[in-house]
Structures are given as C-alpha cells and as structure tokens.
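Let me begin by presenting the structure, written as structure tokens, before commenting on it.
The values are calculated or read from the model by the stated rules, or taken from the named source; none is laboratory data. Please read these numbers as outputs of a predicted model, since none were measured by experiment. Note that each Cβ is placed from the backbone with ideal geometry, even for glycine, and that neighbours are counted across all protein chains shown. Surface areas here come from the heavy atoms of the whole protein model, side chains and all, with no ligands, DNA or RNA. Shrake-Rupley method; radii C 1.70, N 1.55, O 1.52, S 1.80 Å.
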Amino acid sequence: MESILPETPLEGGLLGRVQYWFACFFALGWTGVAGVGLFVQLALGEQPCPLCVVQRMLMLLAATGAAYIVRTALTQGAVTGRDYMTGWGLALVAVAVGSFASWRQSVPRVLPGGRGHGGGVLGGEVLGLHLGVWAWVLFQASVVAVGVVLASAHATADRAVPTAGPGPHRAAGLLALWLLGLVAAVSVVAVFLQEGLHWFLPDDPRRYEFFHDLRILGG
C-alpha cells in the first residue's frame, strides 16, 4: 500500500555543496596532474618509466573515486553515506598505493649520490625537488584530505546538491567527468603504444614498442 504522505524533501545547506565541490576539485586536480604527464610524454617526447605509468594510473583511479561521488550527485541530486564511503574509499586506496609508489621512486633521488628508479616524466625538477618527490607530497596530502572528508561524511550525506538544472554545480561536475574520461582514454592508448606486444616496459624506455613491433612483423 502506497503512503499518502508526501516524501520529505532533502535538507539543503552549505555542507553538502562543500563536499560536492571538493569532489569536483579533487577529480579535476588529479586528472590535471595526469594530463600534465601525458603532455610531457606526447609533446616533449619524455618516455615515462614503469613506476611513472603506475603512478599515473593511480592518479586517475583517485580521480575516479571522486568522480563516483560527482556522478551520484548529478544523477540523484544528493550523495548518501554509502556512496561517500565507496567513492572516497576507492580514492584512499589509490592515493595510499600511489604514495608508496612515488616514495619507492623518489627516495633514492634525494639521498646523496642516489639515483631514481627509471627516468621519464618524473625525472625533472620543480623548485629544487624532483617531480617524483612532488608526486609523493601530493599523494600524502590527499591521504589526509580524504581522511578528513570521510570523517565528516556523516554531516554531509543526504544533503541536496543543486545539480538538476543548468548552473555552476552541474557544469563543474560534467567538466570533471568528461575531462577524466578523455585523459584516461588517452592514457590507455599511450601505454599500449609504449608497451606494444610485450608484457613489461623497460626500466628506461626510449621508444614506442608498438610501432617497433609493427616494423618487425612487417619485415
């Protein structure tokens, strides 16, 4: 028997919108970092080493966790506590593993006389620090940030987010989703071309193995 009582409208407020905006910026931020790595690879010709590729995939996975929350808000108009746990939990796994991967690569570089594992995109420096070190800093900061938003998710769950009609909330969410999809697709193609028909990438790749394999197969 259907209830004749009207459904209780979702409670609005600032907290739900703040969590939503944070998810948008989190997804866009990690997508942007991965996109910079793609630009360096495709435009400047710097081949990423295996650890660089692993970190790039984990960056996109972290963005996917936030994108799950964004998509839920776009389709449902609110995000439940379970959805927050799913999205931020996925992001937390990604940034935690990414922190270890970047630490594995960057620690040898900052030791006296040390060398990093592999070259490629994370071999340069910004403000005196190797990009691998910056990646480690960003991953570590993200671990803390995700922990904070998870701890406060109970206060922001089931709050109305104005994403139904045109406006900045919907525009930002769609931008985050489409940009993540584009960068992820290009990343998959770039890794396939770089790895070719082989199971593993060399430690210091110098070419796109796919095109090299085609020349060999073509005689």
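Label sites at T75 and D203, each approximated as a point 7 angstrom past Cα along Cα to Cβ, lie 4.5 nm apart. The residues T75, T80, sorted by heavy-atom accessible surface at 1.4 Å with ligands and nucleic acids left out, run T75, T80 from largest to smallest.
Sorted largest first by accessible area at a 1.4 angstrom probe radius, with every protein chain in place, the residues E209, E46 fall in the order E46, E209. Rounded to two decimals, the Cα radius of gyration of the range 124-214 over 2.2 N^0.38 Å is 1.63. Computed over protein heavy atoms with a 1.4 angstrom probe, the accessible surface ordering of W88, W199, largest first, is W199, W88.
Using DSSP to call loops (not H, G, I, E or B), can you name the trypsin sites (Lys or Arg not before Pro) in the range 146-213 whose Cβ has at most 16 other Cβ atoms within 10 angstrom? Answer in residue order: R206, R207. Full extension of the chain between V36 and L14 yields a length gain of 4.7 nm, computed as 0.36 nm times the residue separation minus the alpha carbon distance. The length gained by stretching the chain between R170 and R104 to full extension, at 0.36 nm per residue less their Cα-Cα distance, is 19.9 nm.
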